Each structure stands twice: as structure tokens, then as C-alpha cells.
Amino acid sequence: MSPTMIGITVFVLSCFIGYHVIWGVTPALHTPLMAVTNAISAIVVVGAILVAGHESGHEGSRLVHIFGFLAVALASINIFGGFVVTNRILAMFKPKKGNN
Amino acid sequence: MFSQIQISPDGFAAIYLAATVFFILGLKGLSSPKTALKGNRNAMIGMTIAIVATLIHPEVRETTWIWAGLGVGAVIGIAVALKIDMKSMPQLVAALHSFVGLAAVFIAAGTFYADLSSGKPLGGATLFELGIGSFIGAITFTGSLVAFAKLQELVSSNPLVFRGQHLLNALLGIAMFGFTAQFVMSGEAAPFWVLTAIALGLGFLLVLPIGGADMPVVVSMLNSYSGWAAAATGFTLENPLLITTGALVGSSGAILSYIMCRAMNRSIISVILGGFGGEAAAAGASAPTKGVKSASVEDAAFMLENASKVVIVPGYGMAVAQAQHAIKELVHTLNAKGVEVKFAIHPVAGRMPGHMNVLLAESDIPYDIVFEMEDINSDFSSTDVALVVGANDVVNPDAKTNKASPLYGMPILDAYKAKQVLVIKRSMKAGYAGVDNALFYYDNCSLVFGDAKAVCENLTKTMLAG
């Protein structure tokens, strides 16, 4: 199998997992769901790190590092911002006293 | 700096798989408020694993820029997340979506130039994936910027429609794919930037015509795009972690968009084509024929304290008036008088999915007295008083009875079935969708005019005095 085909297989199966997991999320938590998926989609930071960690010394590697730095910074805003705000929201959800 | 650690490619794949599992567990935790915090922690563990593993990846040769980026992002991200007002959550989410989109563009560009500079030959498949990654990212970026500007009211939330719009979008779309094809064949930088520029323009054009009433769908849709952008980046880098995670986020956003569309009885296509909400829709509303009844705060307080069952229907107006805390006091006072109080939430109440639940939770209203539409609609016929605070379109019975109404077919909260309906309203202005509300002219409905917060405070005061 080519890497692309393996990728497509993984992608399609993941969509099904996503479909089932997300329908299980209670509607009351749809806002934190968006906040946390926001943080999770910043997994592109993995790609950003690879770009920012590119070997220097080649022609044009300065440009690559600038792209990498910007991408890491943007993705990190999402990661830290997304997780912290999700935590803040979820901490507010409390049951009626004596109901836990 | 981590060169002493040697991990095989399979080792990295296994670590990334572990991160994926933590992400799935994290999302699964959101199935109940009881497990949600733990879920968020799982997702954080997943992200930490992914970042640390990538830092020790042999392809990473120097870390200065990486630490700089992580540092800058952490400071900005944490500062914003701690400061943001819950009312402004939709704007924050839109802004964060735009960052993921822009990051995807930079990654595609960076990967392209990195391979160019190290003289690595780029295959057609890689070029194609780079092109796709960049244009999904670019559309997400500018689309989210427009959504942000509309939510923040920097620009009018009215739909911006002009002639030939869809034709223009279609032509731009075709041009974008044309340049992608040229990029794949030539492997040159020029077509890459042209296709990215077109995608940036398309992002603007796609969201501008979408009106305020459809904003919850747009925010969910962009959530979905940010996931697809991550998945596309995963294809470029042949990294299953990005593909899996992107697919999870993408399907999450898609499902939320679907739920929002269903709750408004709109098809996703008609939302994307735009033009709904704002002044354009106002023309379709039936002109009021009868007068409305208004009730004083004293009358309303009397009805509420003599009820045995009260259902409160909050809407975005509650958030605008910052009335949540006043409502909490009202609920306490009513409970002390032996009145049972519940909350009814329409799926599209507020500006994003679940927005009302967060605002109520913020003011310490326990989540187990807050109910979704399907769970509470059958309760209204046995409810003594339905108190509508800052909601409008979601309780408009025209959606059930008036075929001419733009809202026709939208599922609503059956507040009109309660013995008495009290609507707190500032003025007779139409709702977000620009439609007049037939409920106000019902015999069992009285309007209490005033600011939601002030009225709720006065209700509490009157009850405590009496």
C-alpha cells in the first residue's frame, strides 16, 4: 500500500470513530467541545515543529524558519488557549448540591 | 539536544498512536459533565505526548525557533483564555480557528521551501497534498476572520449579498484547482502562492453572505474546516496522528453544523449560499394585527410566586443584558417559596452550540435543572409560567403554524403551551432572524418591558418584599 492509501484508510476509519464519539457528547457541553477540538486541531503543531526545526545552513532556510516559527506560535496559542478555556468552562458545570 | 535518544520510526508511530488514543478518550469524557474535566486532562496528555515526541524527532535539528514559538503561543494563549468573558466565547473560538488555518498555510509553505532548500525531489502526490493543505488552511483563516468580525460586531452581521456572487465563487474555485494542478506539474513556488491567495479571497467571499442568524452553523463549520486542514497537513507529512486527529475534529464540527441546521430547519447548502437573517428576512414577516398585553413587574412577580412549576427560556438577550446572575437570584427566591424551576435550552439559543449552558453554569445554576429542547418540550403543557428572557425566534409559534414565515418548519420550544407566558423584552424589536414573533399576540402571553437584568432583579425584590 502506498503511504497515501494508508493515510486515506486511517482517515476514513477515524471519521467513523469521530462520528460515534461526537454523537455521544451531551449537547450541554457543545461549547467546551468546540473549545477542546480547537485545541486538539492545533495538533498541526507537530508539522510546525518539523518545519521550525529544519536544518539551517541551506539556501532559504531562514525563510523556512520564519514560516516554522509563525506556525508553532499560532498553533501554540490554540493549544494553550484552547485547553485553558475548556478547563475554565468545565470547572463551572456543577450539579445541584447534594446531587453528586 | 536530544540526540542521545534513539527511537525507530515504528517507535514514533506507537507514541503518536498513544496520543491519538488520549484524544479520543478526551472527547469521550465530554459525554457527561461529571467526566468532562478528566476528558480535557486526557486531551492535554495526548497533546503533551505529541509535542515531546516531535521535539526528539531526528528531523528536528535545532530547537531555538520552536521554543520561541511555543513560548509566544503559551503566553498569548493562556492570557486570552483566562481573561475572556464567557459571552465572547464564539468570537474566541472563531479567532482560534483562524489561527489553525493560518498555521496550516505556513506549514505547507515551510515544508515546500524546506524540501526545496535541502534539494529533496518533491513527488506529485506531495505537491498535491501541499496545495490542498494550503488552500483549506487559507479558506479557514479568512473565513474565520470574517466570522470573528461579524460576531464581534466589527462589521454588520447582515448578510452581504451581491449579484453574480455564486458565479464568482465558482470561478474562483475552478481557478484555485487549476493553479493546484499547475503547482503539482511544475513544482514551482508561483502557482502555490497564487492558489493560496485565491483561497484567502474565497474564505472572505464564502462567509460574508452568511447572516447573523446562521452564525452558530458557520462557527461549527469552520471548526470542521480547521480539522480538515489538520488532516490535509497530516497527508503532506505522512503523519497518521495529524490525519486521525484532523478527522476527529472535522467530523465533530460537521456533526455540530448538522445539529444546528436541523435545529433551524435549514439545509447546509442554503446556509452556505447565505442571505438569511437581518433586514432581508424582515420583509417576509406578517404585520402585527392585534396589540400586545404588557404586565408590570408586580403582576409578573405575583404570577411567578403563585406558580408551582416555572420554566425559564433564556436566549442571547440574557447574555447581552448580563442577566444570568440576576436570574440565579430569582431562581433561589422561587425555590425558597416552593416553586419548581427548570431551564429550557434551544439548540441554537446563543451564538454557538451550547452557549446558553455555559452562561448558566457560569452563574452557578446547577446543570441538572437545565434541559434540552427534546427533554423539556412535553413539560410546557403542565407548566404554570414560562418566563422567556432574551429569547425570541426559538419560541415563535409561527414556525409551526405560519407557512409564510421564514422560520416555518424550525423546531421550537413550546413555551406558548404554558398556562401563562411572560416575555421580558426591551422593545418590540424583531429577533436575530428579523422576524416578528406571533407569540406576543397570544392571549396567555404578557410582555414585561425593560432590561432583562433590571427586570429580574426587580422581580426578586418584589417577591422578597411581599
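Quick notes
- Any hit, the range B:201-217, residues being within 12 Å of chain A (Cβ to nearest Cβ), out of contact with any Asp or Glu (no Cβ under 7 Å at 6 or more places or on another chain) and within 23 Å of B:A349 (Cα to Cα): yes
Yes/no per residue for (1) at pLDDT 95 or above; (2) open to solvent by less than 50 Å² (accessible area, probe 1.4 Å); (3) within 7 Å of chain A (Cβ to nearest Cβ); (4) touching a strand residue (DSSP E or B) at 6+ places or on another chain (Cβ under 6 Å):
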site	(1), (2), (3), (4)
B:L27	yes, yes, yes, no
B:T64	no, no, no, no
B:A68	yes, yes, yes, no
B:I84	no, yes, yes, no
B:Q91	no, yes, no, no
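- The range B:99-112: number of residues that are free of Cβ contacts under 8 Å to residues at least 60 places away in the same chain and open to solvent by less than 10 Å² (accessible area, probe 1.4 Å): 2
- Scope the range B:103-113; condition over 25 Å from A:N87 (Cα atoms) and within 7 Å of chain A (Cβ to nearest Cβ); matching residues: B:A104, B:F106, B:I107, B:A109, B:G110, B:T111, B:Y113
- The residues on offer are B:F148, B:F183, and the sole one that is within 18 Å of B:V207 (Cα to Cα) and either touching a strand residue (DSSP E or B) at 6+ places or on another chain (Cβ under 8 Å) or in contact (Cβ under 8 Å) with a residue 40 or more places away in the chain (or both) is B:F148.
- Residue within the range B:333-340 that is part of a loop (DSSP other than H, G, I, E, B) and closer than 30 Å to B:A95 by Cα present: no
- Failed condition for B:I76, given (1) over 23 Å from the mean Cα position of the chain (by Cα); (2) open to solvent by 30 Å² or more (accessible area, probe 1.4 Å): (1)
- Qualifying residue in the range A:37-52 (condition: in a helix (DSSP H, G or I), over 30 Å from B:K28 (Cβ atoms) and facing chain B (nearest Cβ under 7 Å)): yes
- If you go through the range B:114-138 and keep only what is crowded, with 24+ Cβ neighbours inside 10 Å and either touching a strand residue (DSSP E or B) at 6+ places or on another chain (Cβ under 7 Å) or facing chain A (nearest Cβ under 10 Å) (or both), you end up with B:A114, B:G133, B:G137.
- Odd one out for A:G18, checked against (1) within 7 Å of another protein chain (Cβ to nearest Cβ); (2) open to solvent by 20 Å² or more (accessible area, probe 1.4 Å): (2)
- Residue in the range B:358-389 that is farthest from B:S427 (Cα to Cα), counting only those that are of a type in the set (V, I, T) and more than 14 Å from chain A (Cβ to nearest Cβ): B:T383
- For A:P32, the requirement of being in contact (Cβ under 8 Å) with a residue 24 or more places away in the chain and either farther than 21 Å from B:A230 by Cβ or surrounded by 17 or more Cβ atoms within 10 Å (Cβ to Cβ) (or both) is met.
- Among residues of the range A:42-91, those that are open to solvent by 30 Å² or more (accessible area, probe 1.4 Å) and touching a helix residue (DSSP H, G or I) at 6+ places or on another chain (Cβ under 6 Å), counted: 9
- Filter pass, B:F141 being within 28 Å of A:S56 (Cβ to Cβ), in the same structural domain as B:F99 (by TED's automatic domain parsing) and at pLDDT below 95: no
- Looking only at residues in the range B:36-51 that are more than 9 Å from chain A (Cβ to nearest Cβ) and open to solvent by less than 60 Å² (accessible area, probe 1.4 Å), the one that is farthest from A:A42 (Cα to Cα) is B:N42.
The values are calculated or read from the model by the stated rules, or taken from the named source; none is laboratory data. The model shown is predicted, which means the values in this text are computed figures rather than measured ones. All Cβ positions, glycine included, derive from the backbone under ideal geometry; neighbour counts span all protein chains shown. Accessible surface is based on the protein model in full, side chains and every heavy atom, while ligands, DNA and RNA are left aside. Shrake-Rupley method; radii C 1.70, N 1.55, O 1.52, S 1.80 Å.
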